[in-house]
Every structure is written in C-alpha cells, then in structure tokens.
1. Need pairs with beta-carbon distance below 6 Å; first residue without any contact (Cβ under 8 Å) to a residue 40 or more places away in the chain and within region 47-65, second not hydroxyl-bearing (S, T, Y); sequence gap 6+ or separate chains.
2. What tally of residues in region 51-88 results from selecting those that are part of a helix (DSSP H, G or I), open to solvent by 40 Å² or more (accessible area, probe 1.4 Å), in contact with a strand residue (DSSP E or B) (Cβ under 8 Å, 6 or more places away or on another chain) and closer than 18 Å to G10 by Cα?
3. For region 142-175, name all the residues that are small (G, A, S) and assigned to a strand (DSSP E or B).
4. Select from region 16-43 the residues that are open to solvent by 60 Å² or more (accessible area, probe 1.4 Å) and assigned to a strand (DSSP E or B) and write down the one among them that is modelled with the highest pLDDT.
5. Of the residues G181, G166, which single one is within 23 Å of L28 (Cβ to Cβ) and either open to solvent by 50 Å² or more (accessible area, probe 1.4 Å) or charged (D, E, K, R) (or both)?
6. Any idea which of A173, A134 is at pLDDT below 95, open to solvent by 10 Å² or more (accessible area, probe 1.4 Å), under 13 Å from the mean Cα position of the chain (by Cα) and aliphatic (A, V, I, L, M)?
7. Among the residues of region 97-141, what is the count of those that are part of a strand (DSSP E or B) and either within 14 Å of S50 (Cβ to Cβ) or basic (K, R) (or both)?
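The values are calculated or read from the model by the stated rules, or taken from the named source; none is laboratory data. Bear in mind the structure is a predicted one, so any value in this text is a computation, not a measurement. Cβ sites come from the backbone with ideal geometry, for glycine too, and all protein chains shown count toward neighbours. Keep in mind that these areas ignore ligands, DNA and RNA; they rest on the heavy atoms of the full protein, side chains included. Shrake-Rupley method; radii C 1.70, N 1.55, O 1.52, S 1.80 Å.
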Amino acid sequence: ERWLDSALGGDLFVRSPLPMQPDLEARLLALPEVTAVTATRIVASRLLTSSGHDEFAIFVGIDPATYQTVRDLRIQDGLAVPELMTRLAQGGAVYVGADVANKFDLDVGNVVTMETRRGRRDFEIVAIVMDFGAGETPSVTGSAEDLQRYFGVNDVSSFAVTLAEGATLTAVAETIETQLGRGQNLSV
C-alpha cells in the first residue's frame with residue numbers, strides 16, 4: 001500500500017491516444033483546483049547490459065523538477081530521492097526497479113546501454129527502486145530531457161495531477177476532458 005501511494009501519487013491521470021504537447025502542463029496548472037502536475041514520456045527501446053543481455057525495454061522520461069510535487073519513490077539502494085532527481089536532471093543517469101536489477105544482475109554504479117535514435121547511449125544506474133508494477137517489459141527511468149535529446153521525443157504520454165483540498169475529482173476531470181481536452185481526446 002505504501003508503494004502504491006508513492007508510485008501512483010496524484011489524484012488524476014490525464015492520457016490521450018494522441019500525442020499530447022508539453023504546454024498542456026501549464027494549462028492544467030492554470031486550473032484553480034490543480035496544485036501540481038508532472039509529465040511522463042515513454043518510448044520503446046532496447047536495453048543492453050555488460051553481461052550480454054539485449055532485450056526490448058521501455059525508457060521512461062520524467063521531469064525531475066516536478067516529479068516530487070506529485071509522486072514519490074521508495075529507494076532500495078542508491079541516491080535518496082532529492083539527490084536522485086538532481087542527478088537525473090544532470091543527464092546520463094537512470095534508475096531501475098528492483099525486478100529489473102535482479103533480472104539483469106544490475107547494481108547502483110553499473111551502466112546500461114539503450115538504443116536511441118542517435119545510436120547507443122550509456123546511462124549510469126544511480127538508484128534501484130521498489131517497483132511492484134513493472135510487468136513483463138523491463139523499464140529504465142531517466143529524465144525527459146535525455147528522452148528528448150537522445151530519442152527525439154518531445155510529446156507527453158501522461159500527466160499526473162494533484163488537486164487542491166476540497167476539489168471534486170469528477171468536476172475537475174470533466175473540466176479537463178471537455179474544456180482543455182477539446183479535440184485532443186483527453187481521458188482522465
């Protein structure tokens with residue numbers, strides 16, 4: 001339950017089958033009922049390790065500047081969350097879930113290589129986190145800036161939103177879907 005609270009964070013999740021533009025974050029924050037927003041971007045890639053693993057994987061790009069305003073992480077090993085966010089913002093660093101670390105025999109300080117649009121790129125693992133929802137596809141989480149720089153992805157996959165005390169979930173969700181989401185097929 002503690003993991004769910006920290007990993008999911010936020011009150012609402014905004015998604016769309018169409019690529020969402022980053023400027024939607026400012027429009028979400030402009031709603032009086034919204035106190036914080038963080039964006040997540042996801043792209044398919046390949047994960048290569050020094051021990052010879054080569055597997056389909058997901059690179060998740062987060063915004064280190066806003067992530068903690070909505071979500072949290074449970075660190076198993078490595079940098080504490082504030083230092084982790086600072087290191088991700090510097091670039092070239094990622095964290096992985098404990099299941100991925102176990103599966104590929106990875107530790108903090110190891111380097112994983114991801115296939116990007118600009119060729120193979122090395123990323124240092126700076127933390128291992130508890131992640132019970134990873135599923136079958138391994139994921140590696142780094143900064144949205146690295147995702148844009150190396151993978152050429154600038155759109156947003158989802159927004160996690162925190163609401164002000166007393167805000168009504170259904171009313172805010174309807175406002176987002178009908179006013180902000182007009183023509184964008186937003187789902188909240």
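1. The qualifying pairs are D54/L48.
2. Number satisfying all stated conditions: 1.
3. G142, S143, S157, S158, A160 - these are the residues of region 142-175 that are small (G, A, S) and assigned to a strand (DSSP E or B).
4. The residue in question is T35.
5. G166
6. Only one candidate passes the filter, namely A134.
7. Total meeting the criteria: 10.
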